[in-house]
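Q: The structure's right below; bear with me while I get my questions together.
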Amino acid sequence: MKLARILGVVLAVILVGLPAIIGTGHAGNIGVVALLFVMLGVSFNLIFGMTGYLALTHATSFGLGAYIAALGSTKAGVSFPLTLLAGAAGAALFSLPVGTLAFRRVRGFPFAIVTLGITITMWIVADHWMPVTRGPMGLYGIPRPTFLRQLFPGSVGYFYMGVILTGIIAAICWFIVRSDVGRVLRGIKDNEGMLSSLGVDTYRYKLSVYVLASFFAGTTGAFYAHYLTVVSPDVFWLYWISIPLVVVHVAGLGRFWAVIGVAVALAVVPEYLRASQAYQQLLFGLLLVGVVTLMPNGIGGWWAARRRRSR
Amino acid sequence: MSTPLLEISGVTKRFGNVAAVDSVSLSIGHGEVVGLIGPNGSGKTTLIHCITGALVPEEGQIRFNGEDITGAAPFRVARKGIARSFQNLEDFPTLSVLDHLMLATQHGKPVLGRRTPDEGAHQLLSELALSHMAERPAGELSYGQRKLLGIAMARIREPELMIMDEPTAGVNPVLAQSIVAELRRLATSGQTIILVEHDIPLVISLVSRLIVMSSGAIIADGHPDEVRSDPDVREAYFGR
């Protein structure tokens, strides 16, 4: 995957350089969306891409991170770094009992259904728990870190902060994907029963990586809340489920660099097409159907197979 | 008298009203090479599943090195020192051959006494003539090569007990010879083995003790020559 790595680095350089070159807030906005997609993609790749467990609660973790950050900053006046940490920790803590129960009881399709049930429940809670979430009205007035505004115009400063955050999350995910732990996670996806007979406690691996992925999704949600300055129950729902799902599926399960490439492409291309969120979802849906039908192992899988054949 | 390596006492496993394994008791000593034979449906694989933790018996006790492992999770049983190869292909199709060996040793003992698993893994692959496939996904190997890989995964862990479930079934004659050579090497090295096979001449040529199961129960247990001449065995297994 040498070429894929080079492409990843080129994309990263473009990401870093784009707002500075163009010098407008709009480019910064596109960049922030790309970073959100990358953070969600690489973290979802850890649990779904590597182990094959379709944890639809990734949107729940994202939503929890967003709401915790929103509540912390607007109700309690907590500073940005702490709300980021609280959002991440809250999502991880929530995922612990969910994972403990789900990984002990179910596998495969039933696991996806359990996590979908939790996602729906959390969406309804956010939509109806008026005293805390203000229901469909959502929470607004979430502050952006002030020091960034003094340094950069518009969203550019926030974008650069996102680059650092994304870099940290992506680096940790990359380390795991490449490590012995990554090999075990891939083994879980291929043949979990066999892995157990080799002496591997698969439950512990699954739970750990699920909580870590939730932590990163929570971080992303908190980052998003401070970026948009408004959160509504939609953060728990379809759009934020579909993004990591489409990114990882189109890239190919477990294909780290392809995940980054697809995440950036899915954020940038619709912006240049001036597509609304509804059209974006249409595009995502069509892309998912097309890739799953024509390239069952995703773009990354197709590319790897092509390279193997050419050797 | 030393403790047997494996001790099974009155183990019963039922599926509905059918006792697939019916009050089975046996013990296997260190270094023994035991053949486990019987007609299809006689309970051999169910008994293996009970030993390795894949199934939990309703009755009875299984002790390994004197320790009760009845109903323990498969990964705990594996960590005690029991490795198995499977009747059907059980591997990781998208992982490379080398990755399989790395996974097998990730939570086990040092690989073949060497410091790094990679060296041990390469050495083993070389012995099994799989070196040229080291970086290929297991899904690209032939059926027989995948069976060999299964044995390699069991062997590289240096287990105290190896359970081989029909290692040559469905394998072409050339690769079957490689598997038999590997089994013979293991059998003479002092490795404790339970060999489940339908190829009776092969089993008899490898083992020092033969256990015959029929309808979930043990009907004969002894030296292969004695067992072969047992009238009950001839009736139940050989059909005459």
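The values are calculated or read from the model by the stated rules, or taken from the named source; none is laboratory data. These numbers come from a predicted model, not from an experiment. Because the Cβ atoms are built from the backbone with ideal geometry, glycine has one as well, and the counts that use them run over all protein chains shown.
Q: Which one of the conditions (1) among the charged types (D, E, K, R); (2) over 15 Å from the mean Cα position of the chain (by Cα); (3) in a strand (DSSP E or B) does B:ARG84 fail to meet, given that it meets all the rest?
A: Only one criterion in (1) among the charged types (D, E, K, R); (2) over 15 Å from the mean Cα position of the chain (by Cα); (3) in a strand (DSSP E or B) is unmet by B:ARG84, namely (2).
Q: How many residues does the stretch B:34-68 contain that are under 27 Å from B:ALA169 (Cβ atoms) and either aliphatic (A, V, I, L, M) or assigned to a loop (DSSP other than H, G, I, E, B) (or both)?
A: The number of residues fulfilling the criteria is 18.
Q: Follow-up question, since we're still on this one. Mind checking which pairs have a first residue in the stretch A:170-182 that is away from every other protein chain (no Cβ under 12 Å) and under 20 Å from A:VAL9 (Cβ atoms) and a second that is in a helix (DSSP H, G or I) and hydroxyl-bearing (Ser, Thr, Tyr), Cβ under 9 Å, 6 or more apart or different chains?
A: That search, which allows pairs on different chains as well, returns A:CYS173/A:SER43.
Q: Looking for whichever is surrounded by fewer than 17 Cβ atoms within 10 Å (Cβ to Cβ) and of a type in the set (Gly, Ala, Ser) here; the options are B:GLY60, B:GLY81, B:GLY66. Which one fits?
A: Answer to the selection: B:GLY66.
Q: Being modelled with pLDDT under 95 and within 24 Å of A:ASP234 (Cβ to Cβ): is that true of A:GLY63 here?
A: Against the criterion (modelled with pLDDT under 95 and within 24 Å of A:ASP234 (Cβ to Cβ)), A:GLY63 does not qualify.
Q: Filter the stretch B:180-203 down to the residues that are touching a Ser or Thr at 6+ places or on another chain (Cβ under 9 Å), surrounded by fewer than 22 Cβ atoms within 10 Å (Cβ to Cβ) and either assigned to a helix (DSSP H, G or I) or among the aliphatic types (A, V, I, L, M) (or both) and list them by number.
A: Result: B:VAL180, B:ARG184, B:ALA187, B:LEU202.
Q: Which of the residues belonging to the stretch B:154-175 are in contact with a helix residue (DSSP H, G or I) (Cβ under 7 Å, 6 or more places away or on another chain), of a type outside the set (D, E, K, R) and at pLDDT below 90?
A: B:ILE156, B:PRO167, B:THR168, B:GLY170, B:VAL171, B:ASN172, B:LEU175
Q: A further question follows. In contact with a strand residue (DSSP E or B) (Cβ under 9 Å, 6 or more places away or on another chain), buried (at least 24 other Cβ atoms within 10 Å of the Cβ), within 14 Å of chain B (Cβ to nearest Cβ) and under 30 Å from B:MET102 (Cα atoms): does that describe A:GLY187?
A: For A:GLY187, the condition - in contact with a strand residue (DSSP E or B) (Cβ under 9 Å, 6 or more places away or on another chain), buried (at least 24 other Cβ atoms within 10 Å of the Cβ), within 14 Å of chain B (Cβ to nearest Cβ) and under 30 Å from B:MET102 (Cα atoms) - is not met.
Q: Of the residues that sit in the stretch B:62-81 and are in contact with a strand residue (DSSP E or B) (Cβ under 7 Å, 6 or more places away or on another chain) and among the aliphatic types (A, V, I, L, M), which one is nearest to the other protein chains (Cβ to nearest Cβ)?
A: Selected residue: B:ILE69.
Q: Out of all the residues in the stretch A:195-253, which are assigned to a helix (DSSP H, G or I) and acidic (Asp, Glu)?
A: The one that is assigned to a helix (DSSP H, G or I) and acidic (Asp, Glu): A:ASP234.
Q: Out of the residues in the stretch A:193-228 that are among the hydroxyl-bearing types (Ser, Thr, Tyr) and under 16 Å from A:PHE103 (Cβ atoms), state the one that is farthest from the other protein chains (Cβ to nearest Cβ).
A: Of everything passing the filter in the stretch A:193-228, A:SER214 is farthest from the other protein chains (Cβ to nearest Cβ).
Q: Given the criteria within 21 Å of B:GLU166 (Cα to Cα), surrounded by 19 or more Cβ atoms within 10 Å (Cβ to Cβ), under 20 Å from the mean Cα position of the chain (by Cα) and modelled with pLDDT of 85 or more, does B:ALA138 qualify?
A: no
Q: Restricting the first residue to the stretch B:198-221 and requiring it to be within 21 Å of B:GLU235 (Cβ to Cβ), which pairs with a second residue that is of a type in the set (Phe, Trp, Tyr) meet a Cβ separation below 8 Å and a spacing of at least six or different chains?
A: Listed pairs, sorted by first residue: B:VAL212/B:TYR237; B:SER214/B:TYR237.
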